[in-house]
Amino acid sequence: MNGMPVWQRSLASVLAAGFQHVIVVTGAVSLPVPAEVLQCPNPRWAQGQASSVQVAIAAAAQLGATALTIGLADQPFVPADTWRAVADAPTDCRIVVSVYDGTPGPNPVRLAADVWPLLPTTGDAGARDLIRDHPAWVCRVHSVGSAVDIDTLEDLARWRSC
């Protein structure tokens, strides 16, 4: 990604969005994040995404947060404007999802604290089932950028020049 690791490009967008607190959940290795970023290791990272979401929720709760905006480090094409749009949606929205060109993207998503106990604690799912099961709780926000993620070396090669 123009000489920058994918996760750094993603984090740069989050930081540019101006959040009061930024939490990075890490797995097998720690990362050289800026001092203002709270890095929280997830010793159960291999058990799936739900365990990482739970680590983020615990950190957000300790910070006194009333909502948590979550995204993935492998989605470097989500710009600061999209992060801000999701975070700034009306506070009566319990779940806020980003929508790219009319299609809901998986991230970022904002979750009000009252839905945190309803999220899975195991497995490889985040809020997907909660969003599907409670459509009345969901607000959609038009988002710029792209929810494309980079999961493989082939994906990286395809998007390297961006």
One residue is enough: does the stretch 2-22 have a residue meeting the conditions loosely packed, with under 13 Cβ neighbours inside 10 Å, on the phi > 0 side of the Ramachandran plot and without any contact (Cβ under 8 Å) to a residue 60 or more places away in the chain?
yes
Which of the numbered conditions does I57 fail, given that it passes all the others? Conditions: (1) over 30 Å from R158 (Cα atoms); (2) at pLDDT below 95; (3) touching a helix residue (DSSP H, G or I) at 6+ places or on another chain (Cβ under 7 Å).
(2)
Name the residue, out of D129, D74, D133, D114, that is loosely packed, with under 14 Cβ neighbours inside 10 Å, touching a residue at least 12 places away in the same chain (Cβ under 8 Å) and of a type in the set (D, E, K, R).
D114
Mind checking which residues of the stretch 46-79 are of a type in the set (A, V, I, L, M) and on the phi > 0 side of the Ramachandran plot?
none
Residues satisfying the stated conditions in the stretch 109-155, i.e. under 20 Å from T82 (Cα atoms) and of a type outside the set (A, V, I, L, M, F, W, C):
R110, G126, R128, R140, H142, S143, G145, S146, D149
At least 1 residues that are in contact with a strand residue (DSSP E or B) (Cβ under 9 Å, 6 or more places away or on another chain) and closer than 23 Å to G48 by Cα in each: list the strands (runs of 3 or more DSSP E) lying fully within the stretch 91-162 that qualify.
95-100, 103-112
Quick one: which strands (runs of 3 or more DSSP E) lie wholly within the stretch 1-88 and hold at least 2 residues that are under 15 Å from the mean Cα position of the chain (by Cα) and over 19 Å from D124 (Cα atoms)?
22-26, 37-41
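One line per residue, one yes/no per condition, for (1) more than 22 Å from A16 (Cα to Cα); (2) not small (G, A, S):
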position: T66; (1), (2): no, yes
position: G71; (1), (2): no, no
position: A80; (1), (2): no, no
position: A127; (1), (2): yes, no
Number of positions in the stretch 23-37 that are surrounded by fewer than 16 Cβ atoms within 10 Å (Cβ to Cβ) and free of Cβ contacts under 8 Å to residues at least 24 places away in the same chain:
7
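The values are calculated or read from the model by the stated rules, or taken from the named source; none is laboratory data. If you're wondering where the values come from, they're calculated on a predicted model, not measured in any experiment. Here the Cβ is made from the backbone with ideal geometry for all residues, glycine too, and neighbour counts use every protein chain on show.
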